[in-house]
Amino acid sequence: MNRFMRPQAVAALTRWRGILISIGVLALGTLIALRSYDITFWLGVTIALGGAISLVAAAQRLRFAAGTGGPGVVQIDEGAIGYFGPLGGGVVARSEMTALALDRTGKPAHWALSQPDQPDVMIPLTAAGADALFDVFAALPGMKTERMLAEMRRTGADQTGAGRAQLWQRPGTAPPHLRVT
């Protein structure tokens, strides 16, 4: 495929692939539903519904992508989130996370992952592999994905208060700024 297409076209198709596949599944399901009856109709409706749900998820994932070329690498392995950067890094077990925040004080902005008795692991939004964090963050209990995406898209004029937005807090834990150490 790379031989016949320009690298920019391949990059664009790769970025939009989830949306394109979801639209194809939605269209196929709709076509089956419109051209059939009885059980095949319901099969088409089910396929179309799956395509619509997949389309929403793909759109959220596309909005989560903050770019590339940032410092460091994110690695996710069996529930452990690791960040390895030029000036620091760390590993956080998803099961041990107590809070997630978006810290805009740095350039680029950083995810701040908190865990008990450890310093926060700061991950640049543009680090290599940071797009894989969407699935990890979306799986946090009670996480509001739309709020996270809205906070990511805020510009300087929209930001009110501190440069750090608390996005998620594990139920039953004290906020990071109220912890007694």
- request: Taking volume of the Cα convex hull per residue in Å³ as the quantity of interest, determine which of (i) 167; (ii) 115; (iii) 176 was computed from the displayed structure.
  value: (iii)
query: Using a 1.4 Å probe, what is the accessible area per residue for segment 44-109, in Å²?
result: 53
message: Quick check: the angle from helix 7-34's long axis to the longest principal axis of the chain, C-alpha only, nearest 10 degrees?
response: 50
query: For Ala99, which sequence-distant residues (separation of 5 or more, or a different chain) have an amide H within less than 5 Å of its own amide H, given hydrogens modelled in the peptide plane?
result: Ser114, Arg170
Volume per residue that the Cα convex hull of segment 1-64 spans, once the total is divided by residue count, Å³: 77
Within the accessible area of the chain (1.4 Å probe), percent carbon and sulfur: 61
- prompt: Could you sort Glu151, Glu96 by accessible area so the largest value comes first, with the probe set to 1.4 Å?
  reply: Glu96, Glu151
- prompt: Calculated FRET efficiency, Glu96 and Ala65, Cβ-Cβ r, R0 22 Å, to nearest 0.05?
  reply: 0.25
message: Is there a quick way to get the dipole size of segment 70-170? I mean about its Cα centre, with the Cβ of Lys and Arg at +1 and of Asp and Glu at -1; what is the value in debye to the nearest 20?
response: 380
query: How large is the charge dipole for the chain, taken about the Cα centre, if only the Cβ atoms of Lys, Arg (+1) and Asp, Glu (-1) carry charge, to the nearest 20 debye?
result: 580
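The values are calculated or read from the model by the stated rules, or taken from the named source; none is laboratory data. These numbers were taken from a predicted model, which means no experiment stands behind them. Neighbour counts are summed over all protein chains in view; Cβ atoms, including those assigned to glycine, are modelled from backbone coordinates with ideal geometry. Please note that ligands, DNA and RNA were not included when accessible areas were found on the heavy atoms of the full protein model with its side chains. Shrake-Rupley method; radii C 1.70, N 1.55, O 1.52, S 1.80 Å.
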